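Below is one structure; the comments refer to it alone.
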Amino acid sequence: MSRPRQFDLICFDWDGTLFDSTAIIVRSIQQAVLDVGGARPSDADAAYVIGMALVPALAKAAPDVPADKYPELAARYRHHYLARQQDISLFEGVLPMLAELRARHHWLTVATGKSRRGLDDVLASRQLAGVFDGSRTADETAGKPDPRMLHELMREFGADPERTLMIGDTTHDLLMARNAGCASVGVSYGAHEPGDFGALGPRRVAHSVAELHQWLSDNA
């Protein structure tokens, strides 16, 4: 196909959507909060902030930690995450799905709450070389659900909102898509409970990478 059937630009969230990192992020947040003297967030509270920019995410997960400790809190989170990052891997089926989308001439991009350094580290792997056409991270633009990441990517590739699709595992991702005027698809195997997705109008909620792949093959 010389042109996609519906979407020119497909934008993926990273953690919890393509990368199986939710549990490690939750544990890293919890340990970082304990390190600076805060009360340990629940699994649900720590998972809820995944996808947001780092400091606002940590502040929301640890409301009892004073603002003057945020730099230390962020440093402790990075310490714990980096110590565990070798345990993280792509969800099964992600690479074949991305390969098919590239063969159909979609532009593939990433919009993530990760830092630029953190995203570049994972994209430098041999299996991901040349897979993505562009990306935006929360530390170089605005964090989700602000639509700025999607607006910048659409401008970069000359894509219209109605021909742009955002795929993510959190309400932050789906709300960002709605704020940008784009379509969205949610995935239920990441950080947020899919029961909260319906009000944000995703075209589909996929319960596995295989289901997401099939929907994209049929509808994207």
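Every residue in segment 172-194 that is out of contact with any Pro (no Cβ under 8 Å at 6 or more places or on another chain) and of a type in the set (Ser, Thr, Tyr), please.
If the condition is that a residue be out of contact with any Pro (no Cβ under 8 Å at 6 or more places or on another chain) and of a type in the set (Ser, Thr, Tyr), then Tyr189 is the only one that fits.
Got a sec? Which of Met154, Met166 is part of a helix (DSSP H, G or I), crowded, with 21+ Cβ neighbours inside 10 Å and modelled with pLDDT of 95 or more?
Values: Met166 fails: part of a helix (DSSP H, G or I).
Among Met154, Met166, only Met154 is part of a helix (DSSP H, G or I), crowded, with 21+ Cβ neighbours inside 10 Å and modelled with pLDDT of 95 or more.
Scan Ala59, Ala39, Ala67 and give me the residue that is within 21 Å of the chain's Cα centre (by Cα) and either surrounded by 24 or more Cβ atoms within 10 Å (Cβ to Cβ) or among the aliphatic types (A, V, I, L, M) (or both). Don't jump to the end; show me each part of the working.
Working: Ala39 fails: within 21 Å of the chain's Cα centre (by Cα); Ala67 fails: within 21 Å of the chain's Cα centre (by Cα).
Residue meeting the stated conditions: Ala59.
In a helix (DSSP H, G or I), more than 28 Å from Ala124 (Cβ to Cβ) and either among the hydroxyl-bearing types (Ser, Thr, Tyr) or not assigned by TED's automatic domain parsing to the domain that holds Ser125 (or both): which single residue out of Asp64, Asp45 fits that description?
On the way: Asp64 fails: in a helix (DSSP H, G or I).
Matching residue, one of Asp64, Asp45: Asp45.
Being exposed (fewer than 12 other Cβ atoms within 10 Å of the Cβ), at pLDDT 90 or above and of a type in the set (D, E, K, R) is the requirement here; does Asp45 meet it?
Details: exposed (fewer than 12 other Cβ atoms within 10 Å of the Cβ): no; at pLDDT 90 or above: yes; of a type in the set (D, E, K, R): yes.
Against the criterion (exposed (fewer than 12 other Cβ atoms within 10 Å of the Cβ), at pLDDT 90 or above and of a type in the set (D, E, K, R)), Asp45 does not qualify.
Scanning for something of a type outside the set (A, V, I, L, M), closer than 25 Å to Val55 by Cα and either in the same structural domain as Asp173 (by TED's automatic domain parsing) or touching a strand residue (DSSP E or B) at 6+ places or on another chain (Cβ under 7 Å) (or both), does segment 101-111 turn up at least one residue? Spell out how you get there, then give the answer.
Narrowing segment 101-111 to residues of a type outside the set (A, V, I, L, M): 102, 104-107, 109.
Next cut, closer than 25 Å to Val55 by Cα only: 109.
The next check asks that each one be either in the same structural domain as Asp173 (by TED's automatic domain parsing) or touching a strand residue (DSSP E or B) at 6+ places or on another chain (Cβ under 7 Å) (or both); those that pass are 109.
Looking for residues that are of a type outside the set (A, V, I, L, M), closer than 25 Å to Val55 by Cα and either in the same structural domain as Asp173 (by TED's automatic domain parsing) or touching a strand residue (DSSP E or B) at 6+ places or on another chain (Cβ under 7 Å) (or both), one finds at least one in segment 101-111, hence yes.
Residues of segment 53-79 being within 24 Å of Phe197 (Cα to Cα) and out of contact with any helix residue (DSSP H, G or I) (no Cβ under 6 Å at 6 or more places or on another chain), which ones?
Ala53, Pro56, Ala57, Ala59, Lys60
Name the residue, out of Gly37, Gly93, that is more than 22 Å from Arg148 (Cβ to Cβ), in the same structural domain as His207 (by TED's automatic domain parsing) and touching a helix residue (DSSP H, G or I) at 6+ places or on another chain (Cβ under 8 Å).
Values: Gly37 fails: in the same structural domain as His207 (by TED's automatic domain parsing).
Unique residue meeting the criteria: Gly93.
State which residue is nearest to Val110 (Cα to Cα) when the search covers only segment 161-205 and only residues that are touching a helix residue (DSSP H, G or I) at 6+ places or on another chain (Cβ under 9 Å) and without any contact (Cβ under 8 Å) to a residue 12 or more places away in the chain.
Glu193
Would you check which residues across segment 75-90 are in a helix (DSSP H, G or I) and either surrounded by 17 or more Cβ atoms within 10 Å (Cβ to Cβ) or not hydrophobic (A, V, I, L, M, F, W, C) (or both) and list them? Please lay out each step first, then the result.
Our first condition is that a residue be in a helix (DSSP H, G or I); within segment 75-90, this holds for 75-87.
If the condition is that a residue be in a helix (DSSP H, G or I) and either surrounded by 17 or more Cβ atoms within 10 Å (Cβ to Cβ) or not hydrophobic (A, V, I, L, M, F, W, C) (or both), then Arg76, Tyr77, Arg78, His79, His80, Tyr81, Arg84, Gln85, Gln86, Asp87 are the ones that fit.
Restricting attention to segment 71-95, which residues are more than 20 Å from Ile24 (Cα to Cα) and more than 19 Å from the chain's Cα centre (by Cα)? Don't jump to the end; show me each part of the working.
Of all residues in segment 71-95, those more than 20 Å from Ile24 (Cα to Cα) come to 71, 93, 95.
The one that is more than 20 Å from Ile24 (Cα to Cα) and more than 19 Å from the chain's Cα centre (by Cα): Pro71.
Let's see how each residue does on (1) small (Gly, Ala, Ser); (2) at positive phi; (3) assigned to a helix (DSSP H, G or I):
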{"site": "Glu92", "(1), (2), (3)": "no, no, no"}
{"site": "Leu95", "(1), (2), (3)": "no, no, yes"}
{"site": "Arg102", "(1), (2), (3)": "no, no, yes"}
{"site": "His105", "(1), (2), (3)": "no, yes, no"}
{"site": "Thr109", "(1), (2), (3)": "no, no, no"}
{"site": "Gly118", "(1), (2), (3)": "yes, no, yes"}
{"site": "Gln127", "(1), (2), (3)": "no, no, yes"}
{"site": "Phe132", "(1), (2), (3)": "no, no, no"}
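If you take the residues of segment 97-133 that are touching a residue at least 40 places away in the same chain (Cβ under 8 Å) and of a type in the set (D, E, K, R), which of them is farthest from Gln85 (Cα to Cα)?
The qualifying residue farthest from Gln85 (Cα to Cα) is Arg104.
The values are calculated or read from the model by the stated rules, or taken from the named source; none is laboratory data. Values in this document were obtained by computation on a predicted structure and should not be read as measured data. All Cβ positions, even for glycine, are placed from backbone atoms using ideal geometry, and neighbour counts span all protein chains on display.
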